[in-house]
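The structure appears right after this line, and notes come after that.
The values are calculated or read from the model by the stated rules, or taken from the named source; none is laboratory data. Quick caveat, the model's predicted, so the values are computed rather than measured. Every residue, glycine as well, gets a Cβ built from its backbone with ideal geometry; the counts of neighbours run over all protein chains shown.
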Amino acid sequence: MDALNDIARPYAEAERIAPLVRRVLARNPSPFTFTGTQTYIVGDGAEVAVIDPGPADPEHLGAMLAAVGEAKVVAICCTHTHRDHSPAAAPLKALTGAPIVGCAPLTLDDDGPRADAAFDPDYRPDRVLADGETISGQGWTLEAVTTPGHTSNHVCFALAETGAMFTGDHVMGWSTSVVSPPDGDMTDYLASLQKLYEREQDTVYFPAHGPAVEKPRQLVRGMIGHRRQRERQILRQIEEGNHTVAAMVPLMYKGVDERLWPAAGRSVLAHLLDLERRRLVTRQDDIWSLCAADA
């Protein structure tokens, strides 16, 4: 959180950040949300969409309505149903009559350490978008790009008119995404990163937390490399006799705020589950071992 002290945080006011795009920042900063959840208003004409309405906070809800002004909200879009992203969808729908579209509903008991990432049990979409489906309004078109991994229901939205991609928590410039089992899945996450990397038409990413990503394919390539480096690091840890997540995390995350170690442990577990599927490691209870090489 110390890194936040030097960052301007214009809460509860709309900022123009790109053609067709304004941003409203929710007042929910944390070690996992950075300066807070960024809600995006798409469209400059009589019809707009709202992406990731965020927490059901009265100040944030009022700021969204002020940003919309006299325009009609024709879609309330959610990238996923963690409660720093979707709870304001229901009250915004009640006030505007707009349908909730985007990700599928998902509610799980989260056994991970992130209280802010618990699922929103009240999320009720009017329409779930499949990969490649679109919604549109005056002067804009949003395409759903399904990106499971951070959560199984995660979806990004591509703005066809400008090359912008709203990436939710899948790709962020300030931090890697937490992939926390049982719903977070490293195999799916890496496949979704590769899917975005292959999309050459996307020229800028607007994540739900942190700054815009101006060189998206370069960042995604680096993120894939980072994850592959992590899995090699895990395999070395096991070779060196560290067979539990609890033993690996302090060695792998030296210099990282210890408050983040529980979340780091979830990502290590996600990597181990991916490695297990690929028959590179095996486990007995919480003890992980390398698989024997084929004879």
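One residue stands out among those in region 159-193 that are part of a loop (DSSP other than H, G, I, E, B) and small (G, A, S): the one that is nearest to T39 (Cα to Cα), which is G173. Here R217 clears all of (1) in a helix (DSSP H, G or I); (2) buried (at least 18 other Cβ atoms within 10 Å of the Cβ); (3) in the same structural domain as V128 (by TED's automatic domain parsing) except the condition numbered (2). The set of residues from region 204-255 being among the small types (G, A, S) and within 30 Å of F157 (Cα to Cα) comprises A208, G210, A212, G222, G225. So is S175 surrounded by fewer than 23 Cβ atoms within 10 Å (Cβ to Cβ) and more than 13 Å from the chain's Cα centre (by Cα) or not? Judged against the criteria, S175 is not a match. The residues of region 22-70 that are small (G, A, S), in contact with an Asp or Glu (Cβ under 7 Å, 6 or more places away or on another chain) and surrounded by fewer than 24 Cβ atoms within 10 Å (Cβ to Cβ), listed by number, are S30, A63. Do you know which residues across region 198-215 are without any contact (Cβ under 8 Å) to a residue 60 or more places away in the chain and under 15 Å from the mean Cα position of the chain (by Cα)? Residues satisfying the conditions are Y205, P211, V213.
Could you please give the count of residues in region 232-242 that are closer than 19 Å to D188 by Cβ and either out of contact with any helix residue (DSSP H, G or I) (no Cβ under 7 Å at 6 or more places or on another chain) or free of Cβ contacts under 8 Å to residues at least 12 places away in the same chain (or both)? Adding up the residues that qualify gives 0. Return a yes/no flag: does region 186-203 have any residue that is over 18 Å from A158 (Cα atoms), of a type in the set (S, T, Y) and outside the structural domain of Q38 (by TED's automatic domain parsing). No, the conditions are met nowhere in region 186-203. Residues that are among the β-branched types (V, I, T) and part of a strand (DSSP E or B) were ranked within region 127-158; the one that is nearest to A98 (Cα to Cα) is I135. Set side by side, the residues V268, V178, V220 differ, and just one is in contact with a helix residue (DSSP H, G or I) (Cβ under 7 Å, 6 or more places away or on another chain) and closer than 21 Å to R83 by Cβ, which is V178. Answer with yes or no whether Q229 is without any contact (Cβ under 8 Å) to a residue 12 or more places away in the chain, surrounded by fewer than 21 Cβ atoms within 10 Å (Cβ to Cβ) and not in a loop (DSSP other than H, G, I, E, B). Judged against the criteria, Q229 is a match. Per the conditions (1) in contact with a helix residue (DSSP H, G or I) (Cβ under 7 Å, 6 or more places away or on another chain); (2) within 30 Å of A164 (Cα to Cα); (3) without any contact (Cβ under 8 Å) to a residue 12 or more places away in the chain, the sole criterion not satisfied by R283 is (2).
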